[in-house]
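As structure tokens, the structure follows; a few thoughts come after it.
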Amino acid sequence: MLTRVRADARGFTLIELLIVISIIGLSTALAAPAIRGWAANAQTRTAGSSLSTTIRLAQAEALKSYQPVVLYRTSETTCTGNEQASAGGLYWIVKVIPNLVITEANGAITPPAQCGSITSETSNLTINGPTALCFSPSGRPVALNNPVGGAASCNVPASGQIVYWIDTSTSVANLKRLSVWVTLGGGVRLCDRERTESSALPDGCPAANVSWTI
């Protein structure tokens with residue numbers, strides 16, 4: 001006996017399969033810039049948060065030890081406290097600067113060192129700002145000469161703010177441009193430098209010559 005084959009039991013034709021593949025490919029191509037932008041913004045945000053947290057860590061170390069502390073960037077991945085400072089470094093060292101009088105009276109003091117990376121995703125990331133940032137025992141920025149090898153000095157600008165600029169070089173639209181601000185009073189703020197802080201834009205950067213403190 002002959003059995004009739006139902007017409008709706010057939011599979012996809014080659015043309016239908018090619019159409020589906022083309023639609024998937026087009027959708028992926030259209031979504032790729034948005035995905036790259038999201039990834040770049042996430043990387044920038046992570047680096048900014050890490051840097052602001054590290055600055056607060058250095059302040060806490062100065063307050064705890066009641067001695068000057070230097071936070072500096074380096075390209076070295078070790079954590080001995082002897083790493084050379086590097087302006088383009090994406091790793092950091094927090095080190096106490098021992099009191100010279102105590103050192104001469106009691107022998108060499110080994111200062112505590114804390115180390116880390118600004119971000120684990122370093123591709124396309126640039127951070128412009130001071131190579132070294134020093135804090136006094138009160139937790140406020142202070143100018144010091146030669147606090148660490150490779151960094152001539154910690155400077156405190158006359159403008160009243162120390163600013164780090166964080167960017168990625170990914171070529172997509174709507175990228176975040178963040179900054180970390182440190183004021184003379186010791187305040188630390190991560191903000192969007194494309195905006196000016198206001199009640200409507202709380203994530204914007206402060207206006208010049210702000211005076212908020214820790």
Collect the residues in the stretch 129-146 that are touching a residue at least 60 places away in the same chain (Cβ under 8 Å) and in a strand (DSSP E or B), keeping them in residue-number order. Ala132, Leu133, Cys134, Phe135, Leu144
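Residues are listed down the side, and each one gets a yes or a no for (1) at pLDDT 80 or above; (2) in a helix (DSSP H, G or I); (3) in contact with a strand residue (DSSP E or B) (Cβ under 6 Å, 6 or more places away or on another chain); (4) closer than 24 Å to Leu190 by Cα:
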residue: Ile23; (1), (2), (3), (4): no, yes, no, no
residue: Ala29; (1), (2), (3), (4): no, yes, no, no
residue: Thr44; (1), (2), (3), (4): yes, yes, yes, yes
residue: Thr78; (1), (2), (3), (4): yes, no, no, no
residue: Ala85; (1), (2), (3), (4): yes, no, yes, yes
residue: Gly89; (1), (2), (3), (4): yes, no, yes, yes
Please indicate, with yes or no, whether at least one residue in the stretch 57-68 is more than 22 Å from Ser136 (Cα to Cα) and touching a residue at least 12 places away in the same chain (Cβ under 8 Å). no
Taking the criterion of being in contact with a helix residue (DSSP H, G or I) (Cβ under 8 Å, 6 or more places away or on another chain), surrounded by 14 or more Cβ atoms within 10 Å (Cβ to Cβ), modelled with pLDDT of 90 or more and farther than 19 Å from Gln43 by Cα, would at least one residue in the stretch 159-166 satisfy it? no
Apart from one, (1) assigned to a loop (DSSP other than H, G, I, E, B); (2) at pLDDT 70 or above all hold for Ser49; the odd one out is (1)
Is it true that Thr126 is within 23 Å of Ser50 (Cβ to Cβ) and at pLDDT below 85? yes
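The values are calculated or read from the model by the stated rules, or taken from the named source; none is laboratory data. This is a predicted model, so every value here is computed, not measured. Neighbour counts run over all protein chains shown; Cβ positions are idealised from the backbone, glycine included.
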